[in-house]
Each structure stands twice: as structure tokens, then as C-alpha cells.
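The next block holds one structure in the form of C-alpha cells; read it before the comments.
The values are calculated or read from the model by the stated rules, or taken from the named source; none is laboratory data. All figures in this text were calculated on a predicted structure; none of them were measured in a lab. FYI the Cβ positions are ideal-geometry reconstructions off the backbone, even for glycines, and counts take in every protein chain you see. Please note that ligands, DNA and RNA were not included when accessible areas were found on the heavy atoms of the full protein model with its side chains. Shrake-Rupley method; radii C 1.70, N 1.55, O 1.52, S 1.80 Å.
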Amino acid sequence: MPKTATRPQPTTARNPSKRLRLQKLIADAGIASRRHAEELIRDGRVAVNGTVVREMGVQVDAARDQVRVNGKLVRAASEHTYLMLHKPRGVLTTVSDPEGRRTIMQLLPRDKRLYPVGRLDLNSEGLILLTDDGALANHLTHPRYEHEKEYRVLVEGRVANDAIQKLSAGVELDDGKTAPARVDYLELIAGDTWLRIVLHEGRKRQIRRMVEAVGHRVRRLVRVRMGPLRLGDLPVGEWRALSPRELTELKRVTKSRV
């Protein structure tokens, strides 16, 4: 148990530019919003170098001071990695496969130990976020937060308006009725229909099962957006680091609760 004190004793840093307010460090690490970080401090749930901190305005050196929230070590945001990958069809969204099949990890730099946030099934394509930031990943995938995911879906045959309305309102599956979704007709090509589908849920093979429930079959499924992140023109099989702007926006909409 850390000892309680009215004033912490963080490591002294000669360079004041490296120091920042404790609540900002917690927020930047993706653990909580700035306001919630202040509540954590007031509640005595934050310790600096083994000393519980209960007052605002304390400054710490992210590179040298050890900060813990509820006993868990806080990593500075700069220590985390956030990559966006355009997953190809036929590649597994797993870290490894006992059958030796190709996984997304074979498309990434080998010096990073990253984990996919959510999944795309074997025959689906599109945006996958990979990170070592567990708090952010948990927030993005937890059902209670209902972050949007947008897909372009090529459906076999001509999809009638009543089928689109059913998909939008929710259809009955073997694991219960789906939540309302946003479903838009895009275009008809060679007798097949492109749809735009936006979900808040994340059930296994959900879109494929929804489409089957209204009498059709998915030919192609591409995820083009997760929350504020858009796939854009990233080539298939390629990856890139999130931009500072993307990361800021992602953290804004994924303020984790401790």
C-alpha cells in the first residue's frame, strides 16, 4: 500500500519543459478525461513515486516519475504505438494462428508488440486499429460505449427498400434482435447492390448474418471507419501511424473510465 501524504515527492527534473500537471499526464495516457483524472486524484486513487496525491497542481516528469492509478502503472502517451492497417481479404485478425495461416501481424513492423482492436473476419477487408494502449482498446471495444463502425457492403442481387428498412430497424438473429442501424443504398452494379451500413454493435459476423436474415448474401465487406478514424486511400495490405490530429480526436471520444 502506498503511504498517504499531503504533498508528493516526485523526482526532480532539471528541464522544466518535461514537467506537466498530473491530471494531464493521466488524460494523455488515455486512462481518463482531464475532469475524471482530477476526481481520481481527489479520491486518493493516484500515487506518485509511492506517495498518494490528493491535491491539484502537482507537476510530474513523465520520463522519470512513477505514476500509478488504482495501483496500475501509467505509461506516458508517447510510449504507446497506434497504427492503422488496411486488412486484405483472406488474412486473419489475430496475433498468431496454430494452423499457420497468414495473420495481420505479418504485415506490421516486427519490432512492435501490438494487438488488434476488435476483429474483421477472414473474408472481410478494411480498417484495423492496432495498439499497445490497453485502456483505449478496452474503451473502443466495450459494448457500453457504442462507438460507430462504418462499412461498405456489396450484397448479392437487388436489395429492395423493405429489406433496407428491416436492416435499419433491426432483424432477429439466433443471438437476439440487432440494434437499429443506419443503412443507405449506394448503387447497383452488375445486378448487385452496394450498401453503406453503420453499426454500434460488434457481434460475430453480424453484417453477414443480418443480410442473410433478409434473404441476401454478402459478396464483399469493407470497414471504412471506426469512430473518428477513416480508412481513406490507405492501400490494401499497408499500414501507417495515426496522425497527431487523429490520435487527439480518438482520445477525445474514448475517454476511458478507471
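Things worth noting here:
- When residues of region 52-71 are limited to those that are outside any loop (DSSP other than H, G, I, E, B) and in contact (Cβ under 8 Å) with a residue 60 or more places away in the chain, the one nearest to the chain's Cα centre (by Cα): VAL69
- Selection from region 247-258 of residues that are outside any loop (DSSP other than H, G, I, E, B) and either in contact (Cβ under 8 Å) with a residue 60 or more places away in the chain or basic (Lys, Arg) (or both): LEU247, LEU250, LYS251, ARG252, VAL253
- Scope region 73-96; condition touching a residue at least 24 places away in the same chain (Cβ under 8 Å) and part of a strand (DSSP E or B); matching residues: TYR82, LEU83, MET84, LEU85, HIS86, LYS87, LEU92
- Matching residues in region 203-234 - criterion: being open to solvent by 70 Å² or more (accessible area, probe 1.4 Å), within 20 Å of LEU122 (Cα to Cα) and assigned to a loop (DSSP other than H, G, I, E, B): LYS204, ARG205, ARG217
- Qualifying residue in region 205-223 (condition: more than 16 Å from ASN161 (Cβ to Cβ), in contact with a helix residue (DSSP H, G or I) (Cβ under 9 Å, 6 or more places away or on another chain), modelled with pLDDT of 95 or more and of a type in the set (Lys, Arg)): yes
- Inside region 106-137, residues that are among the aromatic types (Phe, Trp, Tyr) and modelled with pLDDT of 90 or more make up a count of 0.
- Scanning region 183-200 turns up at least one residue that is of a type outside the set (Lys, Arg), open to solvent by less than 60 Å² (accessible area, probe 1.4 Å), over 21 Å from MET84 (Cβ atoms) and in contact (Cβ under 8 Å) with a residue 40 or more places away in the chain.
- Complete set of residues in region 115-164 that are part of a loop (DSSP other than H, G, I, E, B), open to solvent by 20 Å² or more (accessible area, probe 1.4 Å) and not small (Gly, Ala, Ser): ARG119, ASP121, LEU122, ASN123, ASP132, HIS142, GLU146, HIS147, GLU148, GLU156, ARG158
- Yes/no for ARG101 being out of contact with any helix residue (DSSP H, G or I) (no Cβ under 6 Å at 6 or more places or on another chain), without any contact (Cβ under 8 Å) to a residue 12 or more places away in the chain and either part of a loop (DSSP other than H, G, I, E, B) or of a type in the set (Phe, Trp, Tyr) (or both): yes
- Single residue of GLY215, GLY134 found to be among the small types (Gly, Ala, Ser) and either in contact (Cβ under 8 Å) with a residue 40 or more places away in the chain or at positive phi (or both): GLY215
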